[in-house]
1. Just give me the residues in region 136-148 being surrounded by 20 or more Cβ atoms within 10 Å (Cβ to Cβ) and charged (D, E, K, R), in sequence order.
2. Of the residues that sit in region 112-133 and are surrounded by fewer than 19 Cβ atoms within 10 Å (Cβ to Cβ) and assigned to a helix (DSSP H, G or I), which one is nearest to the chain's Cα centre (by Cα)?
3. Looking only at region 93-103, count how many residues are without any contact (Cβ under 8 Å) to a residue 40 or more places away in the chain and buried (at least 21 other Cβ atoms within 10 Å of the Cβ).
4. Please specify each residue of region 50-64 satisfying the condition of being surrounded by 18 or more Cβ atoms within 10 Å (Cβ to Cβ) and in contact with a helix residue (DSSP H, G or I) (Cβ under 7 Å, 6 or more places away or on another chain).
5. Against the definition (assigned to a loop (DSSP other than H, G, I, E, B) and exposed (fewer than 15 other Cβ atoms within 10 Å of the Cβ)), how does Ser109 come out, yes or no?
6. Yes or no: region 71-92 includes at least one residue that is in contact with a Lys or Arg (Cβ under 8 Å, 6 or more places away or on another chain), small (Gly, Ala, Ser) and at pLDDT 95 or above.
7. Restricting attention to region 75-98, which residues are in a helix (DSSP H, G or I), farther than 17 Å from Leu171 by Cβ and of a type in the set (A, V, I, L, M)?
8. Within region 32-49, track down each residue that is surrounded by 16 or more Cβ atoms within 10 Å (Cβ to Cβ) and either assigned to a helix (DSSP H, G or I) or in contact with a helix residue (DSSP H, G or I) (Cβ under 6 Å, 6 or more places away or on another chain) (or both).
Amino acid sequence: MKKIIFPLFTSACLFLFHFSLAADEPRPENSKVRSQLDAMQGKPAPKLGLKGWINSKPLSLEDLKGKIVVLDFWATWCGPCIAAIPHTNEMMKKYADKGVVFIGVCAKSGSEKMAAKVKEHGIKYPVAVDAGTNAAYRANSFPDYYLIDRSGVLRWADIANADVEKAIGILLKEKKKKKK
């Protein structure tokens with residue numbers, strides 16, 4: 001009897017331990033390109049291709065090394081994107097002094113309305129028009145959130161919107177690496 005119970009108990013504990021660790025990670029959103037996104041994670045983040053910056057001078061990932069970067073892929077015509085603006089403003093304010101930078105990557109389609117949407121909805125974080133970033137990051141829906149760690153590595157691509165703060169929290173707990 002002991003020969004059966006001990007292995008079963010050990011297996012059950014390992015199973016539960018594995019899934020409790022996985023529960024700490026932000027959940028990925030379902031995506032047609034999920035396997036490609038998963039392959040990008042853990043590697044240096046692609047360069048940003050953006051133009052027409054509002055609320056900031058042009059930013060590059062090289063300039064932002066040592067900071068956590070949250071890319072918010074959005075569109076001016078996207079209802080859920082517009083609805084998320086107040087919360088994104090709140091997160092930007094909450095984490096600004098902790099070295100977290102939010103960048104809104106506006107889709108080309110409808111980008112002629114970006115400045116008006118920024119003013120109308122009070123966007124406080126830097127926003128710019130996509131000029132290759134969506135393709136480089138394989139962003140294919142809106143809103144999508146991607147997180148880049150302090151060393152410039154894409155840690156999570158297209159995570160569940162509700163898990164953005166969980167991902168930020170994980171990255172904030174990691175030791176700050178010295179800027180090279």
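The values are calculated or read from the model by the stated rules, or taken from the named source; none is laboratory data. Not measured: the values here are computed from a predicted model. Neighbour counts run over all protein chains shown; Cβ positions are idealised from the backbone, glycine included.
1. Listed by number, the list holds a single entry, Asp144.
2. His121
3. Of the residues in region 93-103, 1 are without any contact (Cβ under 8 Å) to a residue 40 or more places away in the chain and buried (at least 21 other Cβ atoms within 10 Å of the Cβ).
4. Passing the criteria: only Leu50.
5. Against the criterion (assigned to a loop (DSSP other than H, G, I, E, B) and exposed (fewer than 15 other Cβ atoms within 10 Å of the Cβ)), Ser109 qualifies.
6. Within region 71-92, not a single residue is in contact with a Lys or Arg (Cβ under 8 Å, 6 or more places away or on another chain), small (Gly, Ala, Ser) and at pLDDT 95 or above.
7. Scanning region 75-98 gives Ile82, Ala83, Ala84, Ile85.
8. Scanning region 32-49 gives Leu37, Met40, Pro46, Leu48, Gly49.
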